Every structure is written in C-alpha cells, then in structure tokens.
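Trainee: Shown below is the structure under consideration.
Throughout, read-outs are computed from the coordinates displayed, never taken from laboratory work. Only a predicted model underlies this, so the values are computations on that prediction, with no experimental measurement involved. Here the Cβ is made from the backbone with ideal geometry for all residues, glycine too, and neighbour counts use every protein chain on show.
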Amino acid sequence: MKLKPNQTRTYDVDGFKQRAACLCVRNDQEEEVLLVSSSRHPDQWIVPGGGMEPEEEPCSAAIREVFEEAGVKGNLGRLVGIFEKNQDPKHRTYVYVLTVTETLEAWEDSLNIGRKRQWFRVDEAIAVLQKNKPVQAEYLRHLTCSPTNGNSILTTPPNDNHALYSAAAAADSLLCPPRR
C-alpha cells in the first residue's frame, strides 16, 4: 500500500473509508478505459483512485487521485455511482467518468513507485478486474449501462454481496461546486 507522509484517512458517519475514483476514457464513446498497475501487486491492474482527504469533495479527490496515479488530466463527467465494500476494510467509493485530454510522460507514481498505465477495451478491463478487484469490475458494468447524460437512475443493484450501488442521479449534493 502506498502511504504518504501525514496521510489522514477519512471516514463517514457509517464508518466507511471515503474514497474516490475515475473511469478514465479516451473519448465520449467510452469504449476504452485506462487502468493502472497496483502499488501492492504491480502485476495486477486497477482503476485509479484512493482516499479522500479531510474536507475534500469526492469529485476533487477523484481528479487528484487520477493525476497522481495515472498521470492524466481531463474533463470530469458524470458520477457513475457510489459503491460500497462491506468487508474489512469497509469503504465507500464515489466513481466518476473522466474524459482524458492530457497524458503526462512521467508522473508522480511512475517516478516514485514505478506505476504503469494501459488502455483496455471496456470488456477486457472488466475481465481483468474481475479476477482481483470484482468491486472495480462492477464500476465498469455500470459505465456500460448508464447513459452519458447522467439523468437516469439504475433501480436494480448488482447481484453481488460484496458491492452495493447507489444511483448517481439521487446524489445531487455530490456534484462539484462550480470553479471560480
């Protein structure tokens, strides 16, 4: 696990570690996603994301984590959903779509821990994640069934006891405030 100096883990009122992540896509067709190598298991691929800092909005945390872990910048899109892992350690992850507009040659995690990144077709990424990160595979399943306008509610949670899903459209308060 990658630890930063003075890192503070934040928890919500239900005792879940607060996390944020982005499904980084090449374009609006959302046919390819960017995965990064795990800091714990460099031979495994994961969705870039991590813990929220105190007082940090989920959308800001997602953008920061993607920049640190994947070395990309882009346009933040819709909230795909809020996913919960109820096993220790319990965490609640806010997952957004980010359309990549800039890719850095070298970035923080590539220099510090040798992290790699790779583009996958969505179906390939689901298969890769299903082996070691089934909750993250669930993020991508919701990407493929949620419209790009972000105005719908998925009413049926996944048939997976490890991940609970909350509809993005029900969480208006989770949107980032406008930048000034």
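Trainee: Considering the alpha-carbon set of region 12-110 alone, what are its Rg and its Dmax in angstrom?
Mentor: Using the Cα atoms of region 12-110, the pair Rg, Dmax is 13.3, 40 Å.
Trainee: Here's another thing I want to ask about it. Search the structure for amide H atoms under 5 Å from the amide H of L23, placed 1.01 Å from N in the peptide plane, and list their residues when 5 or more places away or on another chain.
Mentor: Y96, V97, L98
Trainee: From the backbone phi of region 64-71, what are the Karplus-calculated ³J(HN,Hα) couplings (6.51 cos²θ - 1.76 cosθ + 1.60, θ = phi - 60°) in whole Hz, Gly and Pro given as x?
Mentor: 4, 4, 5, 5, 5, 8, 10, x
Trainee: Next question. Quick one: if you stick a label point 7 Å off each Cα along the C-beta vector at D123 and K90, how many nm between them?
Mentor: It is 3.8 nm.
Trainee: Something else: Give me the one-decimal nm value for the distance between modelled label points at D43 and Q29, 7 Å along each residue's Cα-to-Cβ direction.
Mentor: Distance between label points: 3.4 nm.
Trainee: Okay, moving on. Amide H neighbours of R115 under 5 Å, counting only residues 5+ apart in sequence or on other chains, H built in-plane at 1.01 Å?
Mentor: Counting only residues 5 or more places away or on other chains, the set is S110.
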